[in-house]
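Written below as structure tokens is the structure these notes are about.
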Amino acid sequence: MRIPMIAGNWKMNTTVAEAVALVKEMRPELDRIDNVDKVICPPFVSLAALRELLEGSSVKLGAQNLYFEEKGAYTGEISPLMLAELCQLVIIGHSERRQYFNETVELADKKVQAALKAGLKPILCIGETPRENDAGKTEEVLTRQLSLTSKQAYHTGLVLAYEPIWAIGTGKAATGQQANQTIGFIRRHILKQYGKEIAQSVRILYGGSVTADNIAEFIKQPEIDGALVGGASLKTSQFLGIVKQTSEIKRVK
Ligand code: PEP
């Protein structure tokens, strides 16, 4: 059984005071919802305050990025060791990092390995651009993006997020069926690479314009284990709606 996960990616939004206020508002309800791993990924600067606020809570914290070195002369970067004191998960290879900060498959993999070494669970994002999608290259792109991910990484609990770039922040989500089909492809690819046990246990989330109004369409699909949510994770009623529906729909009857 794969426990569903809903992770909120706050991106570069919220001051520390705003982050604290938002978590204070969400926490009581989130704590009442079981059967889902609930994750909030605020900007780095809010992690320490939110960690304190989430003491004893079932809500987990994640970072949005890290650098792969443990320490040293890397001005402006944040190391896995620093994060391991503050949070449990880390988003790696988000398409905005690949697009705006030129992050490569190789760099994303170094970050995955560094995260795992520090005891952080990576949420590795993969997905194709609109042009790659139009050219029918989705499977080729995803295969390349997964080419360096080791069996050990899956075994240690790496989570994948399939995020077609044309659906992120555009309000133009994929259909549930489309997302299920592509995530099914990803799972079959992992099956061929590393066998049944790994393929059946890896959690694969969908991401791209998920809201409380469309989450049900995704979460009822058998291959989809949850969602990475951007914009809607900053709105309490939206995020709670997404988490609640996920808990109910994925509950084993
Ligand atoms: C994301 O940031 O990973 C994302 C999917 O954003 P949005 O939900 O806003 O499309």
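The values are calculated or read from the model by the stated rules, or taken from the named source; none is laboratory data. A quick note: this is a predicted structure, and the numbers were derived from the prediction, not measured. Cβ coordinates were reconstructed from backbone atoms using ideal geometry, including for glycine residues, and neighbour counts include every protein chain displayed. Surface accessibility is based on the protein's heavy atoms, side chains included, excluding ligands, DNA and RNA. Shrake-Rupley method; radii C 1.70, N 1.55, O 1.52, S 1.80 Å.
The figures follow:
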item: Qualifying residue in segment 227-249 (condition: away from the ligand (no atom under 15 Å from the Cβ) and of a type in the set (A, V, I, L, M)); result: yes
item: Residue match in segment 110-120 (condition: among the β-branched types (Val, Ile, Thr), assigned to a helix (DSSP H, G or I), out of contact with any Gly (no Cβ under 6 Å at 6 or more places or on another chain) and over 19 Å from GLY226 (Cα atoms)); result: yes
item: Verdict on ALA48 being within 16 Å of the ligand (Cβ to nearest atom) and either of a type in the set (D, E, K, R) or in contact (Cβ under 8 Å) with a residue 12 or more places away in the chain (or both); result: no
item: Condition met for ILE183 (within 16 Å of the ligand (Cβ to nearest atom), within 20 Å of TRP10 (Cβ to Cβ) and hydrophobic (A, V, I, L, M, F, W, C)); result: no
item: Cross-chain or 6+ apart pairs with Cβ under 7 Å, segment 154-172 first and more than 14 Å from GLY231 (Cα to Cα), then open to solvent by less than 30 Å² (accessible area, probe 1.4 Å) and modelled with pLDDT under 90; result: PRO164/ALA174
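Condition check ((1) of a type in the set (Asp, Glu); (2) modelled with pLDDT of 95 or more; (3) within 16 Å of the ligand (Cβ to nearest atom)) across all residues:
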{"site": "ASN133", "(1), (2), (3)": "no, no, yes"}
{"site": "THR138", "(1), (2), (3)": "no, yes, no"}
{"site": "LYS151", "(1), (2), (3)": "no, yes, no"}
{"site": "ALA161", "(1), (2), (3)": "no, yes, yes"}
{"site": "ILE168", "(1), (2), (3)": "no, no, yes"}
{"site": "GLY171", "(1), (2), (3)": "no, no, yes"}
{"site": "LYS196", "(1), (2), (3)": "no, yes, no"}
{"site": "GLN200", "(1), (2), (3)": "no, yes, no"}
{"site": "LEU205", "(1), (2), (3)": "no, yes, yes"}
